[in-house]
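Engineer: The following block contains the structure, expressed as structure tokens.
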Amino acid sequence: QVQLVESGGGLVQPGGSLRLSCAASGSIFSIYAMAWYRQASGKQREFVAVITSDGSTSYADSLKGRFTISRDNAKNTMWLQMNSLKPEDTAVYYCNANVRPTKGSNYGTYWGQGTQVIVSS
């Protein structure tokens, strides 16, 4: 009923940039928060950034200044601009959203399938 699809991942050299996208579709009345998480091989999934419908943002301390999150409420789309990428940024990046499917329904949390980012020379 609610689908999140990430795109934009790939291989990039250290110091390079990538822009990830997350498109939400299906039964959507409103989306309160959209967020990015990532999971490196052998590690736990970690928070990257979040943005609410009013544009309020928050970032993981280690990433603040390099990554920028944004969204278009009308298009149900979110982006993550990643600059000055480092090898330690290599991970599968996941889209997360808090969605109200219909006017009378409760909010639910949904996840995308992830997109791979590899930072290597």
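Engineer: Of all DSSP beta bridges in the chain, what percent run antiparallel (nearest 5)?
Structural biologist: Bridges in the chain that DSSP calls antiparallel: roughly 90 percent.
Engineer: What's the extension gain from GLU88 to SER121 if we count 0.36 nm per residue and subtract their Cα-Cα distance?
Structural biologist: Here the segment from GLU88 to SER121 would lengthen by 10.6 nm.
Engineer: Please report, to one decimal in angstroms, the Kirkwood hydrodynamic radius of the chain built from all distinct Cα-Cα pairs.
Structural biologist: 14.5
Engineer: Tell me, in nm to one decimal, what length is gained between ALA40 and THR77 on full extension, where the rule is 0.36 nm per residue of separation less the Cα-Cα distance?
Structural biologist: Gain on stretching ALA40 to THR77: 10.9 nm.
Engineer: Quick one: Karplus J couplings for region 87-102, per residue in order, coefficients 6.51, -1.76, 1.60, θ = phi - 60°, nearest Hz, x for Gly and Pro?
Structural biologist: Values, residue by residue: x, 5, 7, 4, 4, 8, 9, 10, 8, 10, 8, 9, 10, 9, x, 9 Hz.
Engineer: Also, quick follow-up: Arranged from highest to lowest average of other beta-carbon atoms within 10 Å per residue, in what order do the peptides 44-55, 87-98 appear?
Structural biologist: 87-98, 44-55
Engineer: Calculate, in nm to one decimal, what ASP61 and SER21 gain on full extension: separation in residues at 0.36 nm each, minus their alpha carbon distance.
Structural biologist: My answer for the length gained is 12.2 nm.
Engineer: Can you find, among SER17, SER41, TYR94, the residue sitting farthest towards the positive end of the charge dipole of the chain, where Lys and Arg contribute +1 and Asp and Glu -1 at Cβ?
Structural biologist: TYR94
Engineer: May I ask you to give the percent of accessible area on the chain that is carbon plus sulfur, with a probe radius of 1.4 Å?
Structural biologist: 45
Engineer: Let me ask you something else. Cross-chain or 8 or more residues apart, Cα under 27 Å: how many lysine pairs in the chain fit that? Count them up, please.
Structural biologist: Lysine pairs, 8 or more places apart or on different chains, close enough: 5.
Engineer: Also, I was wondering about something else. For SER70, put the label point 7 Å out on the Cα→Cβ axis and report which residues of region 84-109 keep their amide N under 17 Å from it.
Structural biologist: Flagged as within label range: 84.
Engineer: While we're looking at this one, here's another question. Where nothing but the Cβ of Lys and Arg (+1) and of Asp and Glu (-1) is charged, how large is the charge dipole of the chain around its Cα centre, in debye to the nearest 20?
Structural biologist: The dipole of the chain has a size of about 100 debye.
Engineer: Please compute the per residue accessible area over region 20-105 with all protein chains in place, 1.4 Å probe, rounded to a whole number of Å².
Structural biologist: 49
The values are calculated or read from the model by the stated rules, or taken from the named source; none is laboratory data. As the structure is a prediction and not an experimental result, all values here were calculated from the model. Ideal geometry is used to build each Cβ from the backbone, glycine not excepted, and the neighbour counts take in all protein chains shown. Heavy atoms of the whole protein, side chains included, go into the accessibility calculation; ligands, DNA and RNA do not. Shrake-Rupley method; radii C 1.70, N 1.55, O 1.52, S 1.80 Å.
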